[in-house]
Each structure stands twice: as C-alpha cells, then as structure tokens.
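Accompanying notes for the structure given below.
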Amino acid sequence: MPTSPSRLLLLLPTTTYRTEAFVDAASKLGVDLVCASERPSSLQALVPESLVTLDFKDPGASAETIARFARRRPIDAVVAVDDLTTVVAAAISERLGLKANSLPAAAAARDKLTMRRSLASAGVPVPRFRLVELADDPAEHAEAVEYPCVLKPLTLSASRGVIRANDAREFVAAFRRISAILEQGDAAPVGEARRALLVEEFVPGREVALEGLLVGGTLHVLALFDKPDPLDGPFFEETIYVTPSRLPGPLQDRIAAVARDACSALGLTEGPIHAELRINDRGPFVLEVAARSIGGLCARTLRFGTGLSLEELILCHALGRPLESLERERRAAGVMMIPIPRGGRLVGVRGAEEAAAVDAIEEVAITMHPGQEVVPLPEGWQYLGFIFARAETSAAVEGALREAHARLHFEIE
C-alpha cells in the first residue's frame with residue numbers, strides 16, 4: 001500500500017513575508033500541509049483540516065489545541081517561520097513528542113535578557129548589559145550607564161525599538177520613545193518584556209549574520225553574510241547582506257565557533273538559527289541568536305545542493321528526511337532590504353524596471369503597495385521591498401545592489 005504523505009504544521013503569523021516560500025517548499029516536497037495563524041482565515045470553515053487558528057501569545061493553549069487536532073490528523077513536524085512563533089512551535093512539539101528545540105531553549109532565544117544572561121554565564125562574548133524597569137525614572141539610570149550605549153526592547157525583532165544613546169539626554173529620549181513603542185497594539189509584549197528594557201554597551205565594529213542549521217546539536221553553517229553598510233545608529237536599519245563573506249578564513253572560523261558556543265549555551269539543538277555578531281579587535285561578540293531562519297524575503301539569496309531552497313532544507317530537516325547537501329551554491333549572492341527614507345503614505349515607486357535591468361540583478365520586489373502607510377525605524381519594522389543579485393564575486397553583488405537602489409525613486413507624502 002502507498003504510504004500517506006508526511007503532515008507538517010506551519011506556524012504563519014499574518015504579518016510574515018514567508019508564507020509563499022514555505023507553502024511552495026511544502027508543495028515541492030509533497031507534504032500534507034496544515035497552516036496555523038493567529039487570526040481566523042475566511043476559508044477555515046471550508047477546509048477545517050488544513051487551517052487552524054492559534055493564540056501565539058499562549059504557547060500552552062496552542063499546544064493543547066494542536067494536540068486535539070492531532071488526534072484526528074497526526075502531525076509529523078512543526079515549523080515556525082519567524083520570531084513570533086518559535087516558542088509556540090517548541091511547546092507544540094514538546095506536547096506531541098516531536099524532535100525540536102526544548103521549550104526553555106526556544107524561550108531563552110526569544111527573550112533578549114534571558115539570552116544575554118545565558119550567554120554571559122557560559123563565557124560567550126556579549127556586550128555588557130543591564131535591565132531597566134520602564135516604571136523607573138530614566139534620568140536616574142542615565143547618570144549610571146556608560147556611553148555610548150544601546151537601548152532595546154526584550155522581545156521585538158527587525159531592529160524595532162533599538163536606539164543608540166551617546167549621552168544622558170539621548171538616553172532619556174530613547175527610553176521614552178521605546179516606552180511609547182511598547183504601548184502600540186501590534187508591539188505590546190507580555191510579562192517582563194512589557195515592564196522593562198535592556199541597556200547594552202555599544203560594540204563598535206563590522207556586523208555579520210550567520211545562517212545555520214542545527215542537527216542533533218551540531219551547528220552546520222549554511223552562509224555567512226557581510227553587512228557592508230555601517231550600523232552605528234542612532235537606529236539600526238539593515239540594508240545589504242552579501243555572501244560569501246570577504247572576511248579572512250580564520251576569522252570566519254572564529255565567528256562560527258562563537259555561534260556554536262552560543263547555541264550550546266542557549267540549549268538549542270534542532271532547526272534553523274540566525275545569528276547576528278559584531279567583530280572588532282577584541283573578536284566576535286554575539287548580538288543575537290534567533291531560533292528561526294533569516295527574515296523577510298532574504299532567504300531567496302540561498303540555494304543548496306542541486307537547487308534546494310532554504311525553506312525546503314528546513315522542512316526536510318524537520319521531517320527527518322535525508323539532507324543530501326548543505327553546501328551553498330558557488331556564486332556570490334546578496335539582498336538589499338530597501339530602507340524607508342521617511343514616514344508617510346506611499347504614493348508610488350518609479351524606476352523599478354531600470355533597477356531590474358542592472359547587470360547581476362535577479363529581482364526587484366516592492367512589497368509595500370500604493371496608499372500604504374510607511375513607518376521608518378525605530379517605530380516601524382517593515383521594508384519597502386527587496387533587491388536580489390547574484391554574480392561571480394561578492395564585490396560585484398554589492399555594486400549591483402547599490403546601483404539598482406540608486407535607480408529607485410519613492411514618492412511618499
């Protein structure tokens with residue numbers, strides 16, 4: 001008798017960029033897909049066996065909901081597509097007895113304070129840090145910290161609410177601005193993350209991003225991205241990612257070793273990780289380790305083996321299928337996350353065809369639509385779109401991305 005296809009639960013927040021990529025990957029792999037979101041779909045009544053609504057802020061309740069669902073339709077694997085769902089995925093996997101990161105490990109990676117404490121206690125290089133209660137008088141803390149420093153929320157992602165302060169006046173202003181962000185409906189965290197923020201030493205240097213896959217506790221480096229634009233503040237909007245890195249080989253090995261130590265300190269053992277590190281003459285410092293893959297549409301830069309996408313790789317691992325090759329393709333690749341120059345209402349975009357015509361550019365994807373409100377950092381978290389390039393060298397990729405971006409013109413009023 002033919003065997004039934006594997007059934008995979010995909011946790012898809014309504015705000016994610018990644019739905020199409022993961023659904024396509026599941027289709028290519030012949031997976032029976034169940035999609036869960038935090039809001040009911042208009043189609044859920046028609047296909048109740050494929051669509052589920054979960055409260056992503058309540059991992060325990062979500063796990064019980066899926067446990068009941070799984071009695072009718074057993075689940076073989078659970079995959080979280082972004083930060084909002086990593087802890088929920090761990091809770092569901094634990095409830096169903098599936099191989100995944102433990103719930104404490106996923107929770108540690110999701111909370112910046114717990115992460116900092118775990119890494120520091122294990123001797124992993126991290127910035128000096130302290131917790132500051134939002135109910136406190138910021139002026140008192142402003143006199144006690146060392147400058148420059150960085151203030152950040154405990155759980156928000158995509159650099160939202162992350163602000164550098166160079167003196168006491170800027171500290172107080174940043175503190176109040178972050179407090180206001182945390183009061184916004186779409187950003188409101190729960191628990192301690194609603195009551196406090198993190199203040200860290202500003203670590204100068206170059207920043208890189210490491211994309212990896214944990215298999216049985218062993219970290220396999222999938223790609224190391226250079227971030228050629230300086231990220232010195234006051235806000236930390238990321239723009240260009242390029243791989244392979246142009247850093248010296250021994251330094252790349254050291255970055256990978258520190259990332260492995262960080263995963264071990266957090267207790268992460270399975271699935272994708274995305275790590276952000278700063279490098280200076282003191283070595284690599286870990287800024288973040290997230291128990292999910294690279295955000296936005298950036299995964300389109302990565303191809304493995306015989307053309308496997310990152311999403312296909314992640315699903316294969318989750319389902320326990322053989323991973324024939326974790327080697328990235330030979331050609332250099334990169335992406336520009338198109339920054340928002342100012343807030344307002346997007347009227348239109350000119351020059352997209354001219355940008356796409358630049359040599360080595362593969363795609364110009366404008367993800368915001370005319371009429372949409374655009375909000376720059378630190379209050380916002382989305383990008384105007386993404387530019388993708390592929391060439392023989394990393395330098396050529398970076399040059400193509402910059403030239404294509406220069407041809408784009410955004411009308412914002």
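The values are calculated or read from the model by the stated rules, or taken from the named source; none is laboratory data. This structure is a prediction, so every number in the text was calculated from the model and none was measured. No Cβ is skipped: glycine too gets one built from the backbone with ideal geometry, and neighbour counts run over all protein chains shown.
Within region 232-246, count every residue that is under 10 Å from residue 162 (Cβ atoms) and touching a strand residue (DSSP E or B) at 6+ places or on another chain (Cβ under 7 Å). Spell out the reasoning first.
Step one: of region 232-246, the residues under 10 Å from residue 162 (Cβ atoms) are 233-237.
Keeping just the survivors that are touching a strand residue (DSSP E or B) at 6+ places or on another chain (Cβ under 7 Å) gives 233-235.
Total satisfying the criteria: 3.
So, in region 366-395, how many residues would count as being crowded, with 18+ Cβ neighbours inside 10 Å and more than 21 Å from the chain's Cα centre (by Cα)?
3
Can you list the strands (runs of 3 or more DSSP E) lying wholly within region 312-413 that have 2 or more residues being of a type outside the set (Gly, Ala, Ser) and more than 26 Å from residue 245 (Cα to Cα)? Let's see the steps before the verdict.
Values: elements: 332-338, 344-350, 361-366, 385-391, 409-412.
Correct list: 344-350, 409-412.
Given (1) within 30 Å of residue 260 (Cα to Cα); (2) in a helix (DSSP H, G or I); (3) touching a strand residue (DSSP E or B) at 6+ places or on another chain (Cβ under 9 Å), where does residue 100 come up short, assuming only one miss?
(2)
For region 103-157, which positions are within 15 Å of residue 86 (Cα to Cα), assigned to a loop (DSSP other than H, G, I, E, B) and not assigned by TED's automatic domain parsing to the domain that holds residue 194?
111, the sole residue that qualifies.
Which number in (1) touching a helix residue (DSSP H, G or I) at 6+ places or on another chain (Cβ under 7 Å); (2) in a helix (DSSP H, G or I); (3) at pLDDT below 95 marks the one condition that residue 67 misses?
That leaves (3) as the condition not met.
Can we say residue 113 is under 18 Å from residue 286 (Cβ atoms), of a type in the set (A, V, I, L, M, F, W, C) and surrounded by fewer than 23 Cβ atoms within 10 Å (Cβ to Cβ)?
Numbers: under 18 Å from residue 286 (Cβ atoms): yes; of a type in the set (A, V, I, L, M, F, W, C): yes; surrounded by fewer than 23 Cβ atoms within 10 Å (Cβ to Cβ): yes.
Criteria met by residue 113.
Check whether at least one residue in region 370-392 is touching a residue at least 60 places away in the same chain (Cβ under 8 Å) and farther than 30 Å from residue 10 by Cα, and report yes or no.
Among the residues of region 370-392, at least one is touching a residue at least 60 places away in the same chain (Cβ under 8 Å) and farther than 30 Å from residue 10 by Cα, which makes the answer yes.
Considering only region 225-255, state which residues are among the hydrophobic types (A, V, I, L, M, F, W, C) and either in a strand (DSSP E or B) or over 30 Å from residue 379 (Cβ atoms) (or both).
Within region 225-255, the first condition is being among the hydrophobic types (A, V, I, L, M, F, W, C), and the residues that meet it are 225, 231, 235-236, 240, 242, 247, 251, 255.
Matches in region 225-255: 225, 240, 242, 247, 251, 255.
Just to be sure before I move on: is residue 199 among the aliphatic types (A, V, I, L, M), under 24 Å from residue 113 (Cβ atoms) and in contact with a Pro (Cβ under 6 Å, 6 or more places away or on another chain) in the structure I sent?
Values: among the aliphatic types (A, V, I, L, M): yes; under 24 Å from residue 113 (Cβ atoms): yes; in contact with a Pro (Cβ under 6 Å, 6 or more places away or on another chain): no.
No: the conditions fail for residue 199.
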